[in-house]
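The values are calculated or read from the model by the stated rules, or taken from the named source; none is laboratory data. All of these numbers come straight from a predicted model, not from anything done at the bench. So basically every Cβ, Gly included, is an ideal-geometry build from the backbone, and we count neighbours across all protein chains shown.
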């Protein structure tokens, strides 16, 4: 009798596991993809579906005390012009660190392009900073051209500050006109939301 009860329990557990296994798998993939950005080989379709579902909308977490941003570095645009980052002081900055080989980076880019199309570019600066190796500069240029992205893309010119030497990409910083990192997003996210747009545009109105 005891053996039969154990068999029934095992069968119930197995049956339950079969039912929930697909959902557990989806949850695990979502969590790893969302919070680590570590899955470079995940399919574009899968990632796009997650982005479009609303489950990966960018967080606006301002509960952490804002840190001062270090502007002491230089970047280079795709035309080869070198720019001192201090030139962007006094404006809201959307700074995204990415690479052409990063799957999650590529998946979130359409949402960033849509956000870029909707905001006031006189007040909000977009810095799409590729950390591809220096000898892959042409690859970065070709990637942006092939995808027809119009947001500004740059590469580092020399060293990057410690703040930007992130362990995971994509990583996105939002920097206020006062020079504070007001929020930081690690991993792929959907930035094409009304909430996030209003958040960006509202930073430029602080103190006005």
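Assess whether residue 187 counts as being out of contact with any strand residue (DSSP E or B) (no Cβ under 6 Å at 6 or more places or on another chain), surrounded by fewer than 17 Cβ atoms within 10 Å (Cβ to Cβ) and either modelled with pLDDT of 95 or more or on the phi > 0 side of the Ramachandran plot (or both).
Numbers: out of contact with any strand residue (DSSP E or B) (no Cβ under 6 Å at 6 or more places or on another chain): yes; surrounded by fewer than 17 Cβ atoms within 10 Å (Cβ to Cβ): no; either modelled with pLDDT of 95 or more or on the phi > 0 side of the Ramachandran plot (or both): yes.
No: the conditions fail for residue 187.
Mind checking which residues of region 161-184 are in contact with a strand residue (DSSP E or B) (Cβ under 8 Å, 6 or more places away or on another chain) and outside any strand (DSSP E or B)? Break it down stepwise before answering.
First pass over region 161-184, keeping only residues in contact with a strand residue (DSSP E or B) (Cβ under 8 Å, 6 or more places away or on another chain): 163-164, 166, 168-177, 179-184.
Within region 161-184, 163, 164, 166, 168, 169, 170, 176, 177, 179 meet the criteria.
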Of the residues in region 65-119, those that are assigned to a loop (DSSP other than H, G, I, E, B), in contact (Cβ under 8 Å) with a residue 40 or more places away in the chain and farther than 15 Å from residue 131 by Cβ come to 66, 69, 70, 71, 72, 89, 90, 91, 119
Per the filter on region 129-150, residues closer than 15 Å to residue 75 by Cα and in contact with a helix residue (DSSP H, G or I) (Cβ under 6 Å, 6 or more places away or on another chain) are 130, 132
> Going by the conditions given, is residue 151 surrounded by 20 or more Cβ atoms within 10 Å (Cβ to Cβ) and at pLDDT 95 or above?
Replying inline: no
Restricting region 51-84 to residues that are surrounded by 21 or more Cβ atoms within 10 Å (Cβ to Cβ) and at pLDDT 85 or above, the one farthest from residue 137 (Cα to Cα) turns out to be 58
